[in-house]
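Undergrad: Mind having a look at this structure? Questions to follow.
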Amino acid sequence: MYIYNTLTRRKEPFTPLVAGKVSMYVCGMTVYDYCHLGHARVMVAFDVITRYLRERGYDVNYVRNITDIDDKILKRADENGESISALTERMIAAMHEDEARLNVLPPSHEPRATGHIDDIVAMIETLIEKDFAYAADNGDVYYRVRKFADYGKLNNRQLDDMRAGSRVDVDIHKEDPLDFVLWKAAKPGEEHWVSPWGNGRPGWHIECSAMSTCCLGDTFDIHGGGPDLTFPHHENEIAQSEAATGKTYVNTWMHAGAVRVNQEKMSKSLGNFFTIRDVLAEHDPEVVRFLLVASHYRSPINYSVDSLNEARKSLTRLYTALEGVEPDDGGSGTSAYRERFIQVMDDDFNTPEGLAVLFELARELNRSKQEQPDEAAKLAGELKQLGDILGLLQQAPQTFLKGTQQQGMPLSENEIEAKIAQRIEAKASKNFAQADAIRDELAALGIILKDSREGTSWVFEAP
């Protein structure tokens, strides 16, 4: 198995620290608002990675943290007139609802920053003892960036090329403009914890260093996150952790690609910012997941109505192949399809090529339906098993094909069945013009009728 390592900028053979076990940490959400499409990308990407590693026989310890204390959280709670805990608990519950609808499995552990304050304080004390950090006279504690010789290695940046600016806080209390905060002194009335440097709260970067080390040890296999986290967040994590422990922090760094909306960067200022629940209010969750899986995890994704319609059509092809076949779920087998799927997924989790194998399998399944029903059952079972590794194809085919999960269906299921009954009656009366008119009326709404010896069925395809 080969995985692209952001640190070395190349694919490398994956060899876990402990044979048969994988330790993985992924930066999770800062819970001051609902999760957006960028969060969905990271959720789904590392869900697929976890599913596949487990399919390959690894015991995966997947840790994804929650940042539940932060400047944005303090500001939003104050704006809402609610307590910090009320805000964060509400947003955590919403996050879990969103990921469940996207068929994202829960991580093995989900530590919260506020549950690791003692560990954070202990790591900061170690950094001060080793002269990598210092307490300023304003109650803040800062990290000495220039003290860490390898600073910038993840992003291939040189210290002398870095300047105080938009990505670095300018603070008169710092020894150097590049230094970053480890502990923030509390303002009057703010939520705070007791520390050797006075009442305050942790900086964002130190939270992940402490939580990952506590959950996975000084060194672990994989660290993942979104594309915007490589600098400064992950760069700072490396500096903190390796300075504190004297050991390599992470062996393989992985980063998901960005989400663009109609080929533009997603941002609130452009008015193209979508939360997961905004999207799922209009679109089938499995269609959204298919769109996220259809691109390689490192590639950018373009979110648009057209791309979602293409995802629905592709998913419809797979479910249509499964329709009318009782899958044989007895064992995974070692077919050529499965071997090909493993081969491409072993190459840095190449989901587009993995999906191509599923479509080949669906074509063979369609050919086998009439002539070889036993073979069709085996192929259907394998298609569902491989689909499950990607978190797809676990609905009953008719449930998906009838679009019962699709919000905004033009007609209810009862109304569609009534139209079909009218068409059958028209055909029986040899009123073929009326029958054709009903079929065309439904087709214009995206409801496609399929006549067979067993009767008339229908699928919904967004027009």
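The values are calculated or read from the model by the stated rules, or taken from the named source; none is laboratory data. Fair warning: this is a prediction, and the values are worked out from it, not measured in the lab. Backbone-built Cβ (ideal geometry, glycine too); neighbour counts: all protein chains shown. SASA here: full protein model, heavy atoms, side chains in, ligands and nucleic acids out. Shrake-Rupley method; radii C 1.70, N 1.55, O 1.52, S 1.80 Å.
Undergrad: Express in nm, to one decimal, how much length is gained between residue 452 and residue 317 on full extension, taking 0.36 nm for each residue of separation and deducting their alpha carbon distance.
TA: Details: separation 135, 0.36 × 135 = 48.60 nm, distance 1.77 nm.
Length gained between residue 452 and residue 317: 46.8 nm.
Undergrad: OK, next. Taking a cut-off of 23 Å between Cα atoms, list the lysines near residue 265, but don't count ones fewer than 8 places away on the same chain.
TA: 72
Undergrad: Inverting the mean 1/r over all pairs of different Cα atoms, compute the Kirkwood radius of the chain and quote it in Å. Mind dumping the intermediate values first?
TA: Values: mean 1/r = 0.0403 Å⁻¹.
Averaging 1/r across every pair of different Cα atoms and inverting gives 24.8 Å.
Undergrad: What does the accessible area per residue of region 1-130 come to in Å², with a 1.4 Å probe and no ligands, DNA or RNA counted?
TA: Accessible area per residue, region 1-130: 42 Å².
Undergrad: Follow-up. Return the whole-Å distance between the Cα centroid of region 216-289 and the Cα centroid of region 64-120.
TA: 16
Undergrad: Sticking with this one: Please report, as a whole percent, how much of the solvent-accessible surface of the chain comes from carbon and sulfur atoms (probe radius 1.4 Å). Write out the running numbers ahead of the final one.
TA: Working: 9920 of 20840 Å².
Within the chain, the accessible surface is 48 percent carbon and sulfur.
Undergrad: Now, a different point. Report, by chain and number, residues whose modeled amide H sits under 5 Å from the one on residue 5, excluding near sequence neighbours (fewer than 5 apart, same chain).
TA: Placed amide hydrogens put 10, 11, 12 under 5 Å from residue 5.
Undergrad: Where does region 352-463 land on Rg/Rh, using Cα atoms and the Kirkwood Rh? Could you put the intermediate results ahead of the total?
TA: Details: Rg = 17.0 Å, Rh = 16.1 Å.
Dividing the radius of gyration by the Kirkwood radius yields 1.05.
Undergrad: Strictly greater than 21 Å: what percent of every Cα pair in region 1-157 meets that? Don't jump to the answer; show the numbers that get you there.
TA: Working: 7592 of 12246 pairs.
The calculated P(r) of region 1-157 puts 62 percent of pairs beyond 21 Å.
Undergrad: Among 142-153, 28-39, how do they line up by average Cβ neighbours within 10 Å per residue, starting with the highest?
TA: Values: 142-153: 18.7, 28-39: 20.9.
Top of the packing list down: 28-39, 142-153.
Undergrad: Relative to the first principal axis of the alpha-carbon coordinates of the chain, what is the inclination of helix 432-444, with its axis defined by its Cα atoms, in degrees from 0 to 90 and to the nearest 10?
TA: Computed tilt is about 0 degrees.
Undergrad: Taking amide H atoms as placed 1.01 Å from N in the peptide plane, list the residues 5 or more away in sequence, or in a different chain, whose amide H sits under 5 Å from that of residue 266.
TA: It is 261, by chain and number.
Undergrad: Could you work out how far helix 373-389 tilts from the main Cα principal axis of the chain, as a 0 to 90 degree angle to the nearest 10?
TA: The angle comes out at about 20 degrees.
Undergrad: Among the listed pairs 378/427; 11/153; 378/419; 21/130; 378/402; 313/427, which are separated by more than 26 Å between their Cα atoms?
TA: Values: 378/427 38 Å; 11/153 17 Å; 378/419 36 Å; 21/130 32 Å; 378/402 24 Å; 313/427 29 Å.
Flagged as over cut-off: 378/427; 378/419; 21/130; 313/427.
Undergrad: Report, by chain and number, residues whose modeled amide H sits under 5 Å from the one on residue 25, excluding near sequence neighbours (fewer than 5 apart, same chain).
TA: 63, 222, 223, 224
Undergrad: Continuing with the same structure: Take every Cα-Cα distance within region 235-289, group them into 10 Å bins from 0 onward, and report for each bin the whole-number percent of pairs it holds.
TA: Reading upward from the zero bin: 18, 30, 19, 24, 10.
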